[in-house]
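Below is one structure; the comments refer to it alone.
The values are calculated or read from the model by the stated rules, or taken from the named source; none is laboratory data. All values reported here derive from a predicted model rather than from experimental measurement. Here Cβ is always computed from backbone atoms with ideal geometry, including for glycine, and neighbour counts include all displayed protein chains. What goes into the accessible areas is simple: the full protein's heavy atoms, side chains included, and nothing from ligands, DNA or RNA. Shrake-Rupley method; radii C 1.70, N 1.55, O 1.52, S 1.80 Å.
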Amino acid sequence: MPSVHQGNFSNRQTQFSVRRQKIIQQRKSLPIASVEKRLVEEVRKNDVLIIVGETGSGKTTQIPQFLFDAGFCRDGRVIGITQPRRVAAVTVAKRVAEECGVELGQKVAYSVRFDDATSGLTRIKYMTDGLLLREALLDPYLSKYSVIIVDEAHERTVHTDVLMGLLKSVQLARSSSVSGGQGLNLGNKNVNVTLEKENDQSGSVRKKPRHEKFAPLKLIIMSASLDARAFSEYFAGAKAVHIQGRQFPVDIFYTLHAETDYLDASLITIFQIHLDEGPGDILVFLTGQEEIESVERLINEKLPQLPQENQKLLVLPIFAALPSEQQMRVFAPAPSGFRKVILATNIAETSVTIPGIKYVIDPGFVKARSYDPGKGMESLIIVPTSKSQALQRSGRAGREGPGKCFRLYPEKEFEKLEDSTMPEIKRCNLSNVILQLKALGVEDILGFDFIEKPSRAAIIKSLEQLFLLGALTDECQLSDPVGHQMARLPLDPIYSRALILASQFNCLEEMLITVALLSVESIFYSPRDKLEEARTAMKCFSSSEGDHITLINVYRASNDFLEKRSMEMSTTKCEKVYKKWCKENFINSRSLRHARDIHKQIQEHVQQMGLNLSSCGDDMLQFRRCLAASFFLNAAVKQPEGTYRALASGQVVQVHPSSVLFRKKPDCVIFNELVQTNHKYVRNLTRVDYLWLTELAPQYYAMQS
Ligand SMILES: Nc1ncnc2c1ncn2[C@@H]1O[C@H](COP(=O)(O)OP(=O)(O)OP(=O)(O)O)[C@@H](O)[C@H]1O
């Protein structure tokens with residue numbers, strides 16, 4: 001019936017134009033809208049500009065559009081905006097595409113690791129800071145960009161800090177290229193970058209450097225809670241502008257006394273808001289997947305005890321290890337009559353706008369990386385947030401209307417918090433960064449112009465590690481081919497090395513599974529009240545050789561299960577029975593799915609690199625030898641009283657109770673993770689022979705003896 005179709009069509013058209021009108025109004029009402037002209041002028045006048053403005057004032061979504069309209073994308077140039085997290089890059093790009101009335105992937109797009117939505121038409125490009133660093137490996141002058149905006153610079157991720165140094169030299173090189181100056185100076189080495197293919201007489205292709213003139217690069221550094229002075233000093237007195245005003249007020253509440261159990265306090269606050277406050281969704285900040293899943297369970301257990309009319313509470317988790325389609329569920333509106341409770345890690349702390357959020361619950365803690373260069377050990381510890389993080393968290397409310405933020409600690413505790421978070425570069429293992437800097441041509445890492453220098457001890461320790469892993473030569477150059485191959489893989493150097501070695505040991509298939517599973521949170525799930533059942537379920541996968549082979553067994557069993565069922569039933573039914581299978585076996589289906597995703601992505605990389613994708617079949621001895629050759633820096637030997645001594649650091653450690661080797665306690669093991677609670681535990685272990693270490697890693701064990 002054509003009339004019905006027409007009716008539907010015009011209905012949709014009306015809805016569409018109502019939404020467009022609303023967006024136009026929203027944009028006009030943002031505090032930043034009134035200073036558009038001034039901001040554009042400032043960008044024209046200054047090569048580096050620092051912009052500080054309240055959360056929600058419109059920095060991330062509006063400034064790129066202002067610059068586009070002002071002509072900064074003429075001649076096909078691109079405005080690049082970096083975000084510390086992929087979820088922000090993706091969701092903000094979607095929003096801006098909608099505001100511009102274009103399809104995502106055309107004028108506006110995003111690019112994050114393993115997911116590039118850009119096209120030749122893209123002019124406003126949101127991306128992670130790590131991705132821009134990788135782009136610089138291929139195009140060191142970042143030649144297609146007219147402006148780069150480093151957003152949320154207060155987070156001081158290790159990538160942001162390295163980007164600062166890189167962008168500073170790119171900017172200098174591009175300005176001097178206009179005046180006929182030199183190449184890119186990243187320390188000692190001048191890099192001539194534009195490479196032209198040219199046939200030499202032998203007919204083979206060689207690369208010929210060619211000097212090119214570039215338009216100057218504009219650099220903008222933005223945040224709501226930034227120490228503008230430090231950035232300004234770093235960029236030779238760069239100008240800082242402050243945008244006044246916030247769109248909607250957010251009331252802040254504190255507890256009277258310190259809470260002894262913040263998970264319990266969060267749970268109580270969620271239900272108090274749900275029962276006593278008006279409509280609006282709730283966003284709760286927790287420290288990790290485990291906490292999120294336990295609060296999710298507790299809410300779902302408690303809900304049926306409420307009167308029927310109060311049961312409409314929809315719990316949605318969001319954390320980095322969640323597959324992206326599931327992360328995106330938090331951005332969809334709640335079903336009619338329901339209130340959303342979003343349980344998030346700090347992944348939702350900056351930049352994102354989650355529609356519907358009116359209430360924020362902030363227990364005041366975050367999981368942060370910590371590194372001890374003396375021992376060469378990195379661990380994750382739960383620490384209080386900084387003031388700047390607290391401000392960002394409260395800023396997630398009050399974006400669509402007035403909001404409330406409940407900080408689950410007393411006000412006097414807030415005053416005691418650090419102003420800003422310690423830069424990550426000062427508290428992490430630097431091997432990955434150094435590998436990337438080396439690949440960019442930086443020779444003198446100690447002399448690199450960091451905005452804040454990591455400690456000399458940390459740099460030296462990481463250089464030493466890279467040398468031991470075979471990525472650097474005696475002259476501290478990137479080794480060929482291993483160092484170059486390692487720099488290409490988007491993984492921790494120790495995992496990249498493991499994959500390269502595995503192709504020589506003929507067990508790359510097994511190592512790919514291992515690396516994928518080690519990159520996600522534990523795939524085993526053992527609720528406190530069902531510990532025994534969980535242990536029994538795990539027995540059918542467990543290997544007496546250790547956790548790595550156990551992990552491979554689970555992965556393969558789940559693959560076999562899926563393969564068989566997918567032939568017998570529809571995708572939806574298959575998904576259902578798969579979830580049931582995971583539940584019965586006490587396996588976290590989310591983590592396993594994430595691992596499968598990662599596996600697919602890394603497999604593509606290693607195939608492109610031409611590594612030998614073979615399996616050792618049942619010869620797990622070969623695989624264990626490869627583990628020893630790869631993770632020799634994390635080896636430990638049993639002590640007479642049953643504890644272990646980590647060989648590299650001399651620390652006394654214990655086997656984590658979740659390990660299949662917890663009771664067995666072999667003489668010598670390699671491990672992947674050190675967890676620090678009341679004791680120091682090692683997790684993910686495999687039994688190895690001590691003699692293998694001296695045989696397979698003589699560069700280290702010969703030095704030790
Ligand atoms: N996906 C979205 N849905 C609805 N409104 C949105 C969305 N994204 C942004 N907005 C609106 O645009 C406003 C400005 O967002 P924007 O991210 O540009 O602010 P910001 O100044 O960069 O904030 P922050 O410092 O917190 O990143 C928000 O307060 C909100 O009102």
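Could you give me the residue pairs with C-beta distances under 6 Å whose first residue belongs to the stretch 115-144 and is over 20 Å from His159 (Cβ atoms), whose second residue is open to solvent by 40 Å² or more (accessible area, probe 1.4 Å) and among the polar types (S, T, N, Q) wherever it lies, and which are 6+ apart or on separate chains?
So the pair list comes out as Leu121/Gln106.
Could you list all residues from the stretch 381-395 that are free of Cβ contacts under 8 Å to residues at least 40 places away in the same chain and either in a helix (DSSP H, G or I) or farther than 22 Å from Glu54 by Cα (or both)?
Val383, Pro384, Ala390
Answer yes if at least one residue in the stretch 71-88 is out of contact with any helix residue (DSSP H, G or I) (no Cβ under 7 Å at 6 or more places or on another chain), farther than 19 Å from Leu219 by Cβ and within 13 Å of the ligand (Cβ to nearest atom), and no otherwise.
Scanning the stretch 71-88 turns up at least one residue that is out of contact with any helix residue (DSSP H, G or I) (no Cβ under 7 Å at 6 or more places or on another chain), farther than 19 Å from Leu219 by Cβ and within 13 Å of the ligand (Cβ to nearest atom).
Restricted to the stretch 122-157, and to residues that are open to solvent by less than 10 Å² (accessible area, probe 1.4 Å) and out of contact with any strand residue (DSSP E or B) (no Cβ under 6 Å at 6 or more places or on another chain), which residue is farthest from the ligand (Cβ to nearest atom)?
Ala136
State all residues of the stretch 291-305 that are surrounded by 15 or more Cβ atoms within 10 Å (Cβ to Cβ) and among the acidic types (Asp, Glu); if no residue qualifies, say none.
Within the stretch 291-305, Glu291, Glu293, Glu296 meet the criteria.
Taking Gly374 and the conditions (1) within 14 Å of the ligand (Cβ to nearest atom); (2) more than 25 Å from the chain's Cα centre (by Cα); (3) among the small types (Gly, Ala, Ser), which numbered condition does it fall short on, given that it satisfies the others?
(1)
For (1) outside any helix (DSSP H, G or I); (2) under 21 Å from the mean Cα position of the chain (by Cα); (3) small (Gly, Ala, Ser); (4) over 17 Å from Ala629 (Cβ atoms), each residue gets a yes or a no:
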site: Ile425; (1), (2), (3), (4): no, yes, no, yes
site: Lys438; (1), (2), (3), (4): no, no, no, yes
site: Glu443; (1), (2), (3), (4): yes, no, no, yes
site: Ala458; (1), (2), (3), (4): no, no, yes, yes
site: Gln485; (1), (2), (3), (4): no, no, no, no
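Somewhere in the stretch 90-102, is a residue within 16 Å of the ligand (Cβ to nearest atom), within 16 Å of Thr353 (Cα to Cα) and of a type in the set (S, T, N, Q)? Break it down into steps so the answer makes sense when it comes.
At the first step, the residues of the stretch 90-102 found to be within 16 Å of the ligand (Cβ to nearest atom) are 90-102.
If we keep only those that are within 16 Å of Thr353 (Cα to Cα) too, we end up with 90-99.
Applying the additional criterion that residues be of a type in the set (S, T, N, Q) yields 91.
The answer is yes, given that some residue of the stretch 90-102 is within 16 Å of the ligand (Cβ to nearest atom), within 16 Å of Thr353 (Cα to Cα) and of a type in the set (S, T, N, Q).
For residues that are within 16 Å of the ligand (Cβ to nearest atom) and assigned to a loop (DSSP other than H, G, I, E, B), scanning just the stretch 212-238, find the one that is farthest from the chain's Cα centre (by Cα).
Asp227
Taking Val241 as meeting all but one of (1) surrounded by 13 or more Cβ atoms within 10 Å (Cβ to Cβ); (2) of a type in the set (A, V, I, L, M); (3) more than 16 Å from the ligand (Cβ to nearest atom), write down the number of the exception.
Only one criterion in (1) surrounded by 13 or more Cβ atoms within 10 Å (Cβ to Cβ); (2) of a type in the set (A, V, I, L, M); (3) more than 16 Å from the ligand (Cβ to nearest atom) is unmet by Val241, namely (3).
Name the one entry in Ile361, Ile434, Ile357 that is open to solvent by less than 40 Å² (accessible area, probe 1.4 Å), aliphatic (A, V, I, L, M), under 26 Å from Glu296 (Cα atoms) and more than 12 Å from the ligand (Cβ to nearest atom).
From the options Ile361, Ile434, Ile357, the qualifying one is Ile361.
Against the conditions (1) within 16 Å of the ligand (Cβ to nearest atom); (2) surrounded by fewer than 21 Cβ atoms within 10 Å (Cβ to Cβ), where does Val108 fall short? Just the number, please.
Among (1) within 16 Å of the ligand (Cβ to nearest atom); (2) surrounded by fewer than 21 Cβ atoms within 10 Å (Cβ to Cβ), the lone unmet condition for Val108 is (2).
Could you list, in sequence order, all residues of the stretch 505-526 that are modelled with pLDDT of 95 or more, open to solvent by 20 Å² or more (accessible area, probe 1.4 Å) and in a helix (DSSP H, G or I)?
Glu509
How about the stretch 41-66: which of its residues are touching an Asp or Glu at 6+ places or on another chain (Cβ under 8 Å) and more than 11 Å from the ligand (Cβ to nearest atom)? Step through it out loud before you land on a result.
First pass over the stretch 41-66, keeping only residues touching an Asp or Glu at 6+ places or on another chain (Cβ under 8 Å): 49, 59-62, 65-66.
Matches in the stretch 41-66: Leu49, Phe66.
Which members of the stretch 52-77 meet the condition of being surrounded by fewer than 19 Cβ atoms within 10 Å (Cβ to Cβ) and either among the β-branched types (Val, Ile, Thr) or not in a helix (DSSP H, G or I) (or both)?
Those that are surrounded by fewer than 19 Cβ atoms within 10 Å (Cβ to Cβ) and either among the β-branched types (Val, Ile, Thr) or not in a helix (DSSP H, G or I) (or both): Ala70, Gly71, Arg77.
Here's the yes/no breakdown for (1) open to solvent by 10 Å² or more (accessible area, probe 1.4 Å); (2) of a type outside the set (D, E, K, R); (3) at pLDDT below 95:
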{"residue": "Pro323", "(1), (2), (3)": "no, yes, yes"}
{"residue": "Met328", "(1), (2), (3)": "yes, yes, yes"}
{"residue": "Ile342", "(1), (2), (3)": "no, yes, no"}
{"residue": "Gly376", "(1), (2), (3)": "yes, yes, yes"}
{"residue": "Leu430", "(1), (2), (3)": "no, yes, yes"}
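Given the residues Arg407, Arg396, Arg369, Arg339, which is the only one that is assigned by TED's automatic domain parsing to the domain that holds Leu283 and within 14 Å of the ligand (Cβ to nearest atom)?
Details: Arg407 fails: within 14 Å of the ligand (Cβ to nearest atom); Arg369 fails: within 14 Å of the ligand (Cβ to nearest atom); Arg339 fails: within 14 Å of the ligand (Cβ to nearest atom).
Unique residue meeting the criteria: Arg396.
Assess whether Glu155 counts as being under 16 Å from the mean Cα position of the chain (by Cα) and within 23 Å of Arg393 (Cβ to Cβ). Give the derivation first.
Working: under 16 Å from the mean Cα position of the chain (by Cα): yes; within 23 Å of Arg393 (Cβ to Cβ): yes.
Considered against the rule, which asks whether it is under 16 Å from the mean Cα position of the chain (by Cα) and within 23 Å of Arg393 (Cβ to Cβ), Glu155 comes out as yes.
What are the residues in the stretch 408-423 that are outside any loop (DSSP other than H, G, I, E, B) and either touching a Pro at 6+ places or on another chain (Cβ under 6 Å) or open to solvent by 40 Å² or more (accessible area, probe 1.4 Å) (or both), if any?
Glu411, Lys412, Glu413, Glu415, Lys416 - these are the residues of the stretch 408-423 that are outside any loop (DSSP other than H, G, I, E, B) and either touching a Pro at 6+ places or on another chain (Cβ under 6 Å) or open to solvent by 40 Å² or more (accessible area, probe 1.4 Å) (or both).
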